[in-house]
1. Of the listed pairs 40/134; 51/138; 51/157; 41/134, which have alpha-carbon separations greater than 26 Å here?
2. Can you show me the helix-derived [θ] at 222 nm for the chain, built from DSSP H runs with n ≥ 4 at -39,500 (n - 2.57) apiece and divided by the number of residues, rounded to the nearest 500.
3. Check residue 49: other-chain or 5+ apart residues with amide H under 5 Å from its amide H, H built from backbone geometry?
4. Carbon and sulfur atoms: what percent of the 1.4 Å accessible area of the chain do they account for?
5. How much length would be gained if the chain were fully extended between residue 18 and residue 153, taking 0.36 nm per residue of separation minus their Cα-Cα distance, in nm to one decimal?
6. Given H placed on each backbone N at 1.01 Å, which residues far from residue 15 in sequence or on other chains put an amide H within less than 5 Å of it?
7. Any chance you could give the angle, 0 to 90 degrees and rounded to 10, that helix 160-169 forms with the longest Cα principal axis of the chain?
8. Any idea of the accessible area per residue across the chain, 1.4 Å probe, to the nearest Å²?
Amino acid sequence: MSLAFTARQKIDLVVQDNQEQLPDYLLQQERVVGAMLDPKKLTPLGPGSFKYEVTSFKVFQLQINPVVSIAVENTESKIRMYVTESHLDGLGLVDDFDLTLDAILEANPSGLEGEALLGVTVSQPQLLRLIPPKMLEKTGQSILNGILLGIKARVEKQLIVDFNNWCKEN
(Lines give C-alpha, C1' and ligand atoms only; values in the text may rest on other atoms or scores of the structure.)
Protein backbone atom coordinates (compact mmCIF):
# COMPACT_ATOMS: atom_id res chain seq x y z
CA MET A 1 0.00 0.00 0.00
CA SER A 2 1.35 3.44 -0.94
CA LEU A 3 1.18 6.42 1.36
CA ALA A 4 1.12 9.97 0.02
CA PHE A 5 1.34 13.29 1.80
CA THR A 6 2.05 16.87 0.84
CA ALA A 7 2.72 20.25 2.39
CA ARG A 8 2.66 23.77 0.94
CA GLN A 9 4.12 27.03 2.22
CA LYS A 10 3.97 30.56 0.87
CA ILE A 11 6.39 33.33 1.63
CA ASP A 12 6.18 37.08 1.21
CA LEU A 13 9.34 38.98 2.13
CA VAL A 14 9.57 42.74 2.19
CA VAL A 15 13.06 43.91 1.23
CA GLN A 16 13.92 47.35 2.58
CA ASP A 17 16.82 48.32 0.33
CA ASN A 18 18.08 47.60 -3.18
CA GLN A 19 14.89 45.86 -4.37
CA GLU A 20 15.84 46.69 -7.96
CA GLN A 21 18.84 44.34 -7.63
CA LEU A 22 16.76 41.29 -6.62
CA PRO A 23 16.38 39.95 -10.19
CA ASP A 24 20.18 39.98 -10.65
CA TYR A 25 20.69 38.36 -7.24
CA LEU A 26 18.29 35.54 -8.10
CA LEU A 27 20.56 34.68 -11.07
CA GLN A 28 23.31 33.68 -8.59
CA GLN A 29 22.02 30.10 -8.38
CA GLU A 30 24.64 28.55 -6.12
CA ARG A 31 24.58 31.49 -3.77
CA VAL A 32 20.76 31.68 -3.56
CA VAL A 33 20.28 27.92 -3.13
CA GLY A 34 23.03 27.91 -0.47
CA ALA A 35 21.24 30.70 1.40
CA MET A 36 17.86 28.93 1.22
CA LEU A 37 19.09 25.46 2.19
CA ASP A 38 21.74 24.28 4.64
CA PRO A 39 25.01 24.72 2.69
CA LYS A 40 26.67 21.93 4.74
CA LYS A 41 24.22 19.44 3.20
CA LEU A 42 24.37 20.89 -0.32
CA THR A 43 26.75 19.68 -3.04
CA PRO A 44 26.93 21.52 -6.38
CA LEU A 45 26.94 19.00 -9.26
CA GLY A 46 27.20 21.49 -12.13
CA PRO A 47 25.34 24.51 -13.45
CA GLY A 48 21.77 24.38 -12.19
CA SER A 49 22.22 21.02 -10.46
CA PHE A 50 22.72 20.15 -6.79
CA LYS A 51 22.61 17.17 -4.45
CA TYR A 52 20.95 17.87 -1.11
CA GLU A 53 20.78 15.71 1.99
CA VAL A 54 17.42 16.65 3.49
CA THR A 55 17.39 16.99 7.28
CA SER A 56 16.97 13.48 8.66
CA PHE A 57 13.97 12.74 10.84
CA LYS A 58 12.37 9.89 12.78
CA VAL A 59 9.03 8.31 12.01
CA PHE A 60 7.89 5.76 14.59
CA GLN A 61 11.49 4.82 15.49
CA LEU A 62 12.67 4.69 11.86
CA GLN A 63 15.47 7.10 10.98
CA ILE A 64 14.73 8.62 7.56
CA ASN A 65 17.55 10.21 5.53
CA PRO A 66 16.28 11.54 2.17
CA VAL A 67 18.79 12.60 -0.48
CA VAL A 68 17.61 14.52 -3.53
CA SER A 69 18.97 15.92 -6.75
CA ILE A 70 17.73 19.44 -7.31
CA ALA A 71 17.54 21.31 -10.60
CA VAL A 72 17.51 25.10 -10.58
CA GLU A 73 16.19 27.29 -13.38
CA ASN A 74 16.03 31.03 -13.77
CA THR A 75 13.59 33.08 -15.76
CA GLU A 76 13.12 36.82 -15.63
CA SER A 77 13.04 37.85 -11.94
CA LYS A 78 12.39 34.28 -10.82
CA ILE A 79 14.24 31.21 -9.57
CA ARG A 80 12.69 27.75 -9.54
CA MET A 81 13.97 24.66 -7.73
CA TYR A 82 12.61 21.18 -8.23
CA VAL A 83 13.62 17.64 -7.40
CA THR A 84 14.75 15.49 -10.32
CA GLU A 85 15.68 12.38 -8.33
CA SER A 86 15.27 11.14 -4.75
CA HIS A 87 16.22 8.19 -2.58
CA LEU A 88 16.57 7.21 1.06
CA ASP A 89 20.00 6.59 2.54
CA GLY A 90 20.39 3.81 5.07
CA LEU A 91 16.83 2.48 4.99
CA GLY A 92 16.39 -0.77 3.11
CA LEU A 93 12.83 -1.29 4.35
CA VAL A 94 11.16 0.80 1.64
CA ASP A 95 10.70 -0.46 -1.91
CA ASP A 96 9.69 2.83 -3.44
CA PHE A 97 10.22 6.37 -2.34
CA ASP A 98 9.47 9.52 -4.29
CA LEU A 99 10.04 12.99 -2.89
CA THR A 100 8.82 15.93 -4.95
CA LEU A 101 9.64 19.57 -4.46
CA ASP A 102 8.62 22.48 -6.60
CA ALA A 103 9.60 25.87 -5.23
CA ILE A 104 9.50 29.29 -6.87
CA LEU A 105 10.89 32.56 -5.55
CA GLU A 106 10.14 35.71 -7.51
CA ALA A 107 11.25 39.33 -7.21
CA ASN A 108 8.47 41.90 -7.07
CA PRO A 109 8.53 45.68 -6.44
CA SER A 110 8.42 45.27 -2.64
CA GLY A 111 10.70 42.24 -2.25
CA LEU A 112 10.29 38.52 -2.79
CA GLU A 113 7.33 36.19 -2.91
CA GLY A 114 7.27 32.49 -3.37
CA GLU A 115 5.67 29.17 -2.81
CA ALA A 116 6.96 25.65 -2.17
CA LEU A 117 5.16 22.34 -2.55
CA LEU A 118 6.76 19.30 -0.94
CA GLY A 119 5.36 15.80 -1.35
CA VAL A 120 6.25 12.19 -0.61
CA THR A 121 4.89 8.96 -1.99
CA VAL A 122 6.20 5.79 -0.38
CA SER A 123 5.12 2.22 0.24
CA GLN A 124 4.16 1.40 3.81
CA PRO A 125 7.14 -0.41 5.36
CA GLN A 126 6.41 -3.87 6.76
CA LEU A 127 7.58 -2.64 10.15
CA LEU A 128 4.73 -0.09 10.20
CA ARG A 129 1.89 -2.29 8.85
CA LEU A 130 0.06 -2.25 12.20
CA ILE A 131 -0.20 1.54 12.21
CA PRO A 132 -3.27 2.84 10.33
CA PRO A 133 -2.35 4.50 7.01
CA LYS A 134 -4.25 7.68 7.91
CA MET A 135 -2.11 8.07 11.04
CA LEU A 136 1.07 7.56 9.00
CA GLU A 137 -0.11 10.08 6.40
CA LYS A 138 -0.97 12.63 9.07
CA THR A 139 2.45 12.13 10.68
CA GLY A 140 4.14 12.42 7.27
CA GLN A 141 2.28 15.62 6.45
CA SER A 142 3.27 17.07 9.81
CA ILE A 143 6.94 16.22 9.14
CA LEU A 144 6.81 17.80 5.66
CA ASN A 145 5.20 20.94 7.10
CA GLY A 146 8.04 21.08 9.65
CA ILE A 147 10.65 20.78 6.90
CA LEU A 148 9.03 23.57 4.87
CA LEU A 149 8.66 25.80 7.92
CA GLY A 150 12.37 25.30 8.64
CA ILE A 151 13.28 26.27 5.08
CA LYS A 152 10.91 29.24 5.25
CA ALA A 153 12.53 30.48 8.49
CA ARG A 154 15.96 30.12 6.92
CA VAL A 155 14.86 32.03 3.80
CA GLU A 156 13.33 34.81 5.89
CA LYS A 157 16.59 35.31 7.79
CA GLN A 158 19.55 34.01 5.82
CA LEU A 159 18.46 34.93 2.30
CA ILE A 160 17.95 38.60 3.18
CA VAL A 161 21.32 38.70 4.99
CA ASP A 162 23.00 37.09 1.97
CA PHE A 163 21.24 39.47 -0.43
CA ASN A 164 22.44 42.48 1.57
CA ASN A 165 26.00 41.07 1.60
CA TRP A 166 25.84 40.48 -2.15
CA CYS A 167 24.68 44.08 -2.70
CA LYS A 168 27.68 45.37 -0.70
CA GLU A 169 30.05 43.19 -2.75
CA ASN A 170 28.65 44.48 -6.05
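1. 40/134; 51/138; 41/134
2. Result for the chain: -8000 deg cm²/dmol, rounded to the nearest 500.
3. Counting only residues 5 or more places away or on other chains, the set is 72.
4. Result for the chain: 51 percent of the exposed heavy-atom area is carbon or sulfur.
5. The residue 18-residue 153 span can extend by a further 46.5 nm.
6. 111, 112
7. Result, in degrees: 40.
8. Heavy-atom SASA per residue in the chain reads 55 Å².
The values are calculated or read from the model by the stated rules, or taken from the named source; none is laboratory data. Values in this document were obtained by computation on a predicted structure and should not be read as measured data. Areas reflect the complete protein model, heavy atoms only, side chains present, ligands, DNA and RNA absent. Shrake-Rupley method; radii C 1.70, N 1.55, O 1.52, S 1.80 Å.
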